[in-house]
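See below for the structure under consideration.
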Amino acid sequence: MLIPEEKIAEIIAASDILDVVSEAVILKKSGKNFFGLCPFHSEKSPSFSVNPDKQIFHCFGCSAGGNVLSFVMKYHGISFPEAARMLARKYNIVIDTREMNPQQRKALHVRESLFRLNKRVMQVYTNFLNDPLNGRLARQYLERRGTSKQIIEQFGLGYAPDAWDAVVNFLKEEKVTKGVALGSGLVLEKKQKNGFYDRFRSRLMFPIFDINMQVAGFGGRVMDDGMPKYMNSPETIVYSKSRILYGLHAAKQACRRQGQVFIVEGYFDFLSLYQHGIENCVASLGTALTQEHVRVLKGYAATMILVFDSDDAGIKAAKRSIDVFVQEGIDTRILVLPDNNDPDSYVMAHGRDAFLGLADKAKTVMQFLLQLALDTHGNSVEGRIKILDEMKQHLAMVQDYAVRSIYIRLLSETLNIDEKAVLEKVKETFEKQANRQVRTPLIPNNEDLSSDILESDPREIQILSMMLHWPELIPVAVEKKVVPSFYSKTLQQLGCLIIDSGADRQNIVGAVMARVETDQDRKLIASMAMEDYTGVQDPVQTFVTLANRIIKIKDKTDRVIVSELTKVKEGCDVDVIKLLKLKQQQIQQLHNS
């Protein structure tokens, strides 16, 4: 046990799941529960539920569920001990780590060492910036850009001097181990393997904070025409560029108040907006926006406004970012600034109100794409055909039927093409895209499952799936004793768990999910719970037929085995090897009959 049970109980008792989840998900009360958009899958209608009385969460869409520790582990992608320590810090609970084995203690130590090191190096860069001689050019550069001292201090800006060993020397003085030094991404090993050198040199430095206010990494920007213009820390065990957004730690409350977030590309774009009172903004750190970014942001704002330059690079960046927002079903707007401005230059020249005035007129995703297509192809017959061919790809990605219908009508009116013809083109593309996507299987990927599940009868899995969908079938399963007839021991165990959880019929999936012990079992339960039974007219009769079939074949096989073993005992000339094959024959019969 990594952490004593009584300490875990203390952490859970002290933690408020509503408080913890509310930091990541916008929740609204409905009855006894609070609902919001699930941070673990794409959805437009809230199916993520938090019950503060029971201190549990459950998503009716993807079947994620558990207690406060389960949420922290899944949301932050961290281990159980790390989740426990995160909550312990939040609620001022001291955890003794003596019961960890050396390997576990080392892994935890490395992670915490990186956070501590990043914080200290942030101060080193700050000291260089404030140094009368070394930081003079950097301070002048910030002054020319209009960056206030308050912003510099609030976001911990610093300077990496034009030296190969500024941070290397600091790490030596602090006696930082080679593993931690390389793991931080702050230094690189020389090709000759005879030393190290600084990754960041002659750059203005921006600490990158995670949502918990810890320094996860750094970004560096040159102050001249050098290349690359921007350089970020590499992926480390504490820095994930696919999840972290620059400035979110400071902007999250403003995003909640405003109900919207501005997404910009660069550090200075963010800092200038923030300095001018537009605090509901984040920056993408120069990387492509990911599904994880969007899911993190939808916990803070319902509307997202992508802000881009009006040059070719800005337009291309806008097009690249759109698909992930459309797929997530987020209310997304596109703001392209005029006259080749970026957010930094525009707000510095025109001020806060002018920027917000433009934002009020930001186009929807489809309006932006349609205008872009019109500007590219023109309004000739050939141009309109090209526009339709281009737009049908985007429209087919819209999951909401009503929204898709509105955009189809807009496209029809704009191009002066019959709406039915546009609808048919979009429908054709939608079906092609759907056919390319592999249907969610009743059983997850093979590598996630034990061999006895892979060899077992799909009917066994369907029996459990139907019990999850119709808990009223559980007494039928108990009466017929179908679960003990399963070939798969794993499915037998899950079947017993479902039967034991049957008392909680209003939330049986959540109840079972909270009791299973492995991710493998959670994936299997989620897969079974999501199976579509819209075509089943009589669930009871279907269930009984499946159960009878499983029991009949199991009984027949058992009788054959007993008969053959009896012959062996009586000394008859029996091919005993075939007894070893009976199980295999049984499975083949189950699959083929």
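The values are calculated or read from the model by the stated rules, or taken from the named source; none is laboratory data. None of the values given here were measured: they were computed from a predicted structure. Positions of Cβ are backbone-derived with ideal geometry, glycine not excepted, and every protein chain shown enters the neighbour counts.
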* To do: Scan Gln103, Gln123 and give me the residue that is over 30 Å from the mean Cα position of the chain (by Cα) and not basic (Lys, Arg).
  => Gln123
* Asked: Name the residues in the range 59-73 that are in contact (Cβ under 8 Å) with a residue 60 or more places away in the chain, crowded, with 22+ Cβ neighbours inside 10 Å and either touching a Lys or Arg at 6+ places or on another chain (Cβ under 7 Å) or over 20 Å from Glu328 (Cβ atoms) (or both), would you?
  -> Ala64, Gly65
* **Close pairs (6 angstrom Cβ cut-off, 6 or more residues apart or separate chains): hydrophobic (A, V, I, L, M, F, W, C) in the range 369-381, surrounded by 12 or more Cβ atoms within 10 Å (Cβ to Cβ) anywhere** => Leu369/His394; Ala373/Ile387; Ala373/Glu390
* Asked: Can you spot a residue in the range 221-244 that is farther than 23 Å from Val124 by Cβ, touching a helix residue (DSSP H, G or I) at 6+ places or on another chain (Cβ under 6 Å) and in contact (Cβ under 8 Å) with a residue 12 or more places away in the chain?
  -> yes
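Would you check which residues across the range 268-279 are within 25 Å of the chain's Cα centre (by Cα) and either at positive phi or buried (at least 24 other Cβ atoms within 10 Å of the Cβ) (or both) and list them?
Step one: filter the range 268-279 for residues within 25 Å of the chain's Cα centre (by Cα), giving 270, 279.
Phe270, the sole residue that qualifies.
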* Given (1) within 18 Å of His76 (Cβ to Cβ); (2) crowded, with 23+ Cβ neighbours inside 10 Å, where does Thr290 come up short, assuming only one miss? -> (2)
* Structure fact -> Subset of the range 468-488, residues among the hydrophobic types (A, V, I, L, M, F, W, C), part of a helix (DSSP H, G or I) and at pLDDT below 90, comes to Leu468
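Can you find even one residue in the range 213-231 that is of a type in the set (Gly, Ala, Ser) and assigned to a loop (DSSP other than H, G, I, E, B)?
The initial filter retains those residues of the range 213-231 that are of a type in the set (Gly, Ala, Ser), namely 216-217, 219-220, 226.
Keeping just the survivors that are assigned to a loop (DSSP other than H, G, I, E, B) gives 226.
Yes, the conditions are met somewhere in the range 213-231.
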* **Odd one out for Phe430, checked against (1) loosely packed, with under 15 Cβ neighbours inside 10 Å; (2) assigned to a helix (DSSP H, G or I); (3) not β-branched (Val, Ile, Thr)** => (1)
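Looking only at the range 185-201, decide whether some residue is of a type in the set (Phe, Trp, Tyr), surrounded by fewer than 17 Cβ atoms within 10 Å (Cβ to Cβ) and in a loop (DSSP other than H, G, I, E, B). Before you say what the answer is, go through the steps one by one.
Step one: filter the range 185-201 for residues of a type in the set (Phe, Trp, Tyr), giving 196-197, 200.
Going one step further and asking which of them are surrounded by fewer than 17 Cβ atoms within 10 Å (Cβ to Cβ), we end up with 197.
Restricting the remaining residues to those that are in a loop (DSSP other than H, G, I, E, B) gives none.
Taking every residue of the range 185-201 in turn, none turns out to be of a type in the set (Phe, Trp, Tyr), surrounded by fewer than 17 Cβ atoms within 10 Å (Cβ to Cβ) and in a loop (DSSP other than H, G, I, E, B).
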* Candidates Leu114, Leu108, Leu137, Leu142 - the one that is out of contact with any Phe, Trp or Tyr (no Cβ under 7 Å at 6 or more places or on another chain), free of Cβ contacts under 8 Å to residues at least 40 places away in the same chain and not assigned by TED's automatic domain parsing to the domain that holds His350 -> Leu108
* Structure fact -> Scanning the range 301-329 for residues that are of a type in the set (Ser, Thr, Tyr) and within 27 Å of Val25 (Cα to Cα), the one nearest to the chain's Cα centre (by Cα) turns out to be Ser321
